[in-house]
Amino acid sequence: MSWKKRLMQNPSLKDINTWPGINIIDLPRDKNKKFIRNKIIVSRVMLGEKISDVSRDVNVTRQFISYLLNRCLAGLPYEEPSLTSGLIPQLKILGGERKTRLSVNNDSGARGAFQYILKNHADIKVRLDAMIKAFVSDSVHGQNLSPAVVHKKFLELLIEKHWPSNQYPFDQQNLAVESCRKYFHKQSQCYLLAKARKRAIIPLNKPQQRYCFEEVEIDSQLMDINCNVVVDVDGVQSTLRVARLALLLAIDVESNCILAYHVCLSKEPNQYDLLSLLVKIHSEWKPRDICLPNTQYEPGACLPGAISNEMRRLGIGKLKLDNAMAHHAYSIIDYVCGELDSTLNYGLPANPKTRNSVEYAFNRLNKYLHRFKSTTGSNPKDPKKESLRHHKKPPMLNIKELEDFLSIIFTGHNIQPQNVLGGKNPLEVLHEHYQQYPLQLNYKAESHCRSPFERIEKVKVYGYKHERRTPVVQFSGMRYRGPGINDVQLYGEKVIILVNVKDIRTVKASTESGKYLGELFASKSWQKYPLSLKTYQKIKRVVKRQRLLTRDYQSGYFESLLNEKHVPNKALEIIRVAREFQSEAVGLKNQNLYVKPLRNKPSKLTRDIIIKPWDVSMFNNTSDRTDEQ
């Protein structure tokens, strides 16, 4: 039915004001002008003006006006005309169903031919849909699909049906590859929407008031940056490449304030690193001695531990962690739930969005760290990755400079006004909540009644009376002796020992009834330098492999690390052990020992080992240092 017959059948359509309205604002900007032009043309024709006069005034052809009228009013007698929708340029009005036969030797167009095949050959559609559904639903029998795979399967199904070689799609140059691509993506989206689970409708309640320290999020990240360390051995300086460091970060959810951070001298944090971070939250923060030129803290920049003693007494309500193995250690659970009186929330596995605040904090930090060359890159030729020309050279950034950068960045964030906080900075919000709201206080956290690094163990006293040997107790393979257990009545009995895992050279012993027995000491060969449980376990593994043939295991272990100092992991271990042997990694001499070292058996580590901060003159003056590479 043409547009003229439609008007004869329904004369009321001559009034264009009765047609459905369309909001011009909803149309794209490039279609507004043509839509208004088309509306003027149709309205003038409906008022009785000649098509030739309208075409001359509007500067369009008469054929275009006839096409426009047929687009708005023509169609089947039992179907509703498109009316106003036909005035929108480039809008598909008809359904696109093919009414003629498929093309043979490309004698007709290919419009709607693909859907025509699927409609008249239902088995092809069923097999294609089953393959796509198995891919979307991650079925056991599903395969990794792509538009090319679906197109190849479509052609195979046609060949199985002995499809004529001169008929669509084999008479087309691209063999209907574009139609298969669109069909694959369309069906994938349909199955994805059907796969999505229906969520229960939860009524919106008034959000409850949250307070600072009510939720604290902690997470770790392997920093994507390379560092160096300068080691001075007998006056010979070596600049070494250090392996990547892990960073632990604690942030308050309500105020977005960074409470504490801890740089781990390893790729993966352990339980003692997390305990160090928890202790820092309730400890006094002191600014570092910045060694960077023309760089200093912003005025007022600090962590909450530097404000007042009251801030260090705030108790944590809920502590959010991920499901790392170190977070499930008994020492973490005992300290958080027993000493801090907090609730541990591990969250769901592989669901980092529940800790959005700390993840976004790492995102902010990466904007600074990624100004340096990346350590890995997305591919071997990624321009963001460090080039092979510099890969074996020591990086320009020193590890002490990196720690200074982190301190400046985190303290500067705490005094930066934020829109989500109403133009206030995190420290102002934290102080405001402390003054106005009843926050939880925990005096045990500030006073540290029991160090989180202390462990209580029940061990047995082993007596060797017939061999004329002093009695001992054992902890993790280490033997301890002391005058407090030189009692025959204690042989075979169990005693309680208090061990500090940061220094296991001495332990405090008492009986089960509470009688204090005094301090017990490890053998003299372990008394030269402070010894942590972690270092002792590493030395035992090295000794088990028969790599240390000396009785001075601590010096021998450090000597073995120096022999492999050009390996990044070994260089990082040198820093950790050096900082452990002394409170500040500046030399390994003049130690205050608990017991005198073994006589007539001097240590192999007789050289002066000094770890210095990086210096520009030190790095550029190659004649003053030797890099054994």
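Results, tabulated for the structure shown:
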{"read-out": "Matching residues, the stretch 496-511, being over 14 Å from Glu454 (Cβ atoms) and open to solvent by 20 Å² or more (accessible area, probe 1.4 Å)", "value": "Thr511"}
{"read-out": "Residues located in the stretch 357-389, provided they are open to solvent by 60 Å² or more (accessible area, probe 1.4 Å), at pLDDT 90 or above and out of contact with any Asp or Glu (no Cβ under 8 Å at 6 or more places or on another chain)", "value": "Tyr360, Asn363"}
{"read-out": "Strands (runs of 3 or more DSSP E) enclosed by the stretch 238-349 - at least 3 residues per element that are open to solvent by 10 Å² or more (accessible area, probe 1.4 Å) and in contact with a strand residue (DSSP E or B) (Cβ under 9 Å, 6 or more places away or on another chain)", "value": "258-264, 343-345"}
{"read-out": "Some residue of the stretch 144-157 being farther than 30 Å from Ser2 by Cα and touching a Pro at 6+ places or on another chain (Cβ under 9 Å)", "value": "yes"}
{"read-out": "Pairs with Cβ under 7 Å, 6+ apart, first in the stretch 58-78 and over 14 Å from Arg44 (Cβ atoms) and among the hydrophobic types (A, V, I, L, M, F, W, C), second open to solvent by 30 Å² or more (accessible area, probe 1.4 Å) and assigned to a helix (DSSP H, G or I)", "value": "Leu73/Trp3; Ala74/Trp3"}
{"read-out": "Failed criterion for Thr84 (all others in (1) in contact with a helix residue (DSSP H, G or I) (Cβ under 8 Å, 6 or more places away or on another chain); (2) polar (S, T, N, Q); (3) open to solvent by 40 Å² or more (accessible area, probe 1.4 Å) hold)", "value": "(3)"}
{"read-out": "Selection status of Asp232, open to solvent by less than 20 Å² (accessible area, probe 1.4 Å), at pLDDT below 90 and assigned to a strand (DSSP E or B)", "value": "yes"}
{"read-out": "Odd one out for Arg101, checked against (1) closer than 30 Å to Arg6 by Cβ; (2) surrounded by fewer than 16 Cβ atoms within 10 Å (Cβ to Cβ); (3) in contact (Cβ under 8 Å) with a residue 40 or more places away in the chain", "value": "(3)"}
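Here's the yes/no breakdown for (1) farther than 22 Å from Cys264 by Cα; (2) open to solvent by 20 Å² or more (accessible area, probe 1.4 Å); (3) in contact with a helix residue (DSSP H, G or I) (Cβ under 8 Å, 6 or more places away or on another chain):
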site: Gln474; (1), (2), (3): yes, yes, no
site: Asp487; (1), (2), (3): yes, yes, no
site: Leu490; (1), (2), (3): yes, yes, no
site: Lys494; (1), (2), (3): yes, yes, no
site: Ser513; (1), (2), (3): yes, yes, no
site: Gln537; (1), (2), (3): no, yes, no
site: Arg541; (1), (2), (3): no, yes, no
site: Tyr553; (1), (2), (3): yes, yes, yes
site: Glu573; (1), (2), (3): no, no, yes
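The values are calculated or read from the model by the stated rules, or taken from the named source; none is laboratory data. Note that the coordinates shown come from a computational prediction; the quantities given were computed from them, not determined experimentally. Note: ideal-geometry Cβ built from the backbone for every residue, glycine included; neighbour counts use all protein chains shown. To get the accessible areas, we keep the full protein, side chains included, count just its heavy atoms, and leave off ligands, DNA and RNA. Shrake-Rupley method; radii C 1.70, N 1.55, O 1.52, S 1.80 Å.
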